[in-house]
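Below: one structure, written as structure tokens.
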Amino acid sequence: MQQVQDIGRSRRARRVFGLNQVDIVPSRRTRSSHDVDTSWKIDAYSFDIPVMTHPTDAVVSPAFAIEFGRLGGLPVINAEGLWGRVDDLDAALQGVVSAASEGDIQLTPPIAGNTELQRLHSLPLDQDLLAERLQEVRDSGVRFAVRVSPQNARELAPALIKSGLDMLVIQGTLISAEHVHRSGEPLNLKEFISSLDVPVIAGGVVDYTTALHLMRTGAAGVIVGSGSTTNDQSLGIDVPMATAIDDAAAARRDYLDETGGRYVHVIADSELQTSGDVAKAIACGADAVALGAPLATADCAGAPEWYWPATAAHPKLPRGTVERVGAGAPISLEQLLFGPTSSPWGDENIVGGLRRSMAKCGYTDVKSFQKVDLVVR
């Protein structure tokens, strides 16, 4: 039963929960973590781990995309990022880091990195350069996805699909089934997705109704949350993830009944910093997660030990800042995902932590782990 509270004499608000307020309760026999299957299948594609990347240049360099795909995840490349805007991608990313490092120290965190991102993103998008870098990833043989914003999906998607991507991600901070704007024809996602020859993941959403509407567009997956952003400060929007994931999972169940069997995947993309957060997100109903900052300490990341979400470069209202997330030397992506590690904080061996959580609760696959018991603090 939902809990609703009065916040004054005229308004009532629903009580919601974040992942830090929810805990997993072991209630079955334990198993060996070697018996746990963390594979994830969405549409026609199978992945060894239920993890995709947040589409940020801070993490997803060409080398990172290839290595992440080789290790069994789904790399997501930002088509509107720097891959198609600068000839020297490494120098541009280092310029963002330098600006953030040397910016106004009176601000916490400094915003000079955002200013540099805005400058770089104001450069024209060279689709030939973008296609050349996508070809490098495609030649490696790994599966990958490319992200476009709802505003630019109609313009960019056809050429991107023609170039040979595996999945298209239509992602904004928050989106709906129909993106309306004054200049030009609104983007009706149901019509748009039905016209495409590749599976589409769309998001982010934070409520049941929008999740259900996106599922009805024909999307193969729906993203819950919007990565680590400053929405609560700049927009006043911040729905705790445990509730948001569970609401989307309820929409998935109802849509499954409505269609007689069409299953849409729920992908959590916010507030996820540790292997414990990943386990809780799946326990709340997610089929997979999208990670950003936790992957930024990999030595093959675009800007190792620095992170910013894709929305940090917005030309008028950035959401998210350029921040340092690592305190030591970068480590290999394989160690970050699979260990071994000496860190007890869940920031390394992320998939290993998920496997052990599942094993301690007696579950052998991700889908069944969604049934694990939960408690609220």
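The values are calculated or read from the model by the stated rules, or taken from the named source; none is laboratory data. Computed from a prediction, not measured in an experiment: that's the story for all the values here. Positions of Cβ are generated from backbone atoms using ideal geometry, with glycine treated the same way; all protein chains shown enter the neighbour counts. In case anyone asks, the SASA skips ligands and DNA or RNA and just uses the protein heavy atoms, side chains included. Shrake-Rupley method; radii C 1.70, N 1.55, O 1.52, S 1.80 Å.
So here's what we get for this one:
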| quantity | calculated |
| --- | --- |
| Odd one out for Val142 among (1) in contact with a Gly (Cβ under 6 Å, 6 or more places away or on another chain); (2) closer than 17 Å to Ile193 by Cα | (2) |
| Top-ranked residue in segment 162-184 [being assigned to a loop (DSSP other than H, G, I, E, B), more than 16 Å from Ile267 (Cβ to Cβ) and touching a helix residue (DSSP H, G or I) at 6+ places or on another chain (Cβ under 8 Å); ranked as modelled with the lowest pLDDT] | Ala177 |
| Filter result for the condition that a residue is modelled with pLDDT under 95 and charged (D, E, K, R), over Arg70, Arg28 | Arg28 |
| Some residue of segment 80-100 being farther than 27 Å from Gln335 by Cβ, in contact with an Asp or Glu (Cβ under 7 Å, 6 or more places away or on another chain) and touching a residue at least 60 places away in the same chain (Cβ under 8 Å) | yes |
| Some residue of segment 296-308 being small (Gly, Ala, Ser) and out of contact with any Pro (no Cβ under 8 Å at 6 or more places or on another chain) | yes |
| For Ala13: the one exception among (1) open to solvent by less than 20 Å² (accessible area, probe 1.4 Å); (2) without any contact (Cβ under 8 Å) to a residue 40 or more places away in the chain; (3) part of a strand (DSSP E or B) | (1) |
| Residue match in segment 326-337 (condition: surrounded by 18 or more Cβ atoms within 10 Å (Cβ to Cβ) and part of a loop (DSSP other than H, G, I, E, B)) | no |
| Lone unmet requirement of (1) open to solvent by less than 30 Å² (accessible area, probe 1.4 Å); (2) assigned to a loop (DSSP other than H, G, I, E, B); (3) modelled with pLDDT of 95 or more for Thr321 | (3) |
| Segment 344-364: number of residues that are more than 17 Å from Ser27 (Cβ to Cβ) and open to solvent by 30 Å² or more (accessible area, probe 1.4 Å) | 6 |
| Matching entry among Arg28, Arg85 (being in a loop (DSSP other than H, G, I, E, B), touching a Leu at 6+ places or on another chain (Cβ under 6 Å) and either open to solvent by 10 Å² or more (accessible area, probe 1.4 Å) or on the phi > 0 side of the Ramachandran plot (or both)) | Arg85 |
| Members of segment 31-43 found to be assigned to a loop (DSSP other than H, G, I, E, B), open to solvent by 40 Å² or more (accessible area, probe 1.4 Å) and modelled with pLDDT of 95 or more, listed by number | Ser39, Asp43 |
| Identity of the residue in segment 46-60, assigned to a strand (DSSP E or B) and hydroxyl-bearing (Ser, Thr, Tyr), that ends up least open to solvent (accessible area, probe 1.4 Å) | Thr53 |
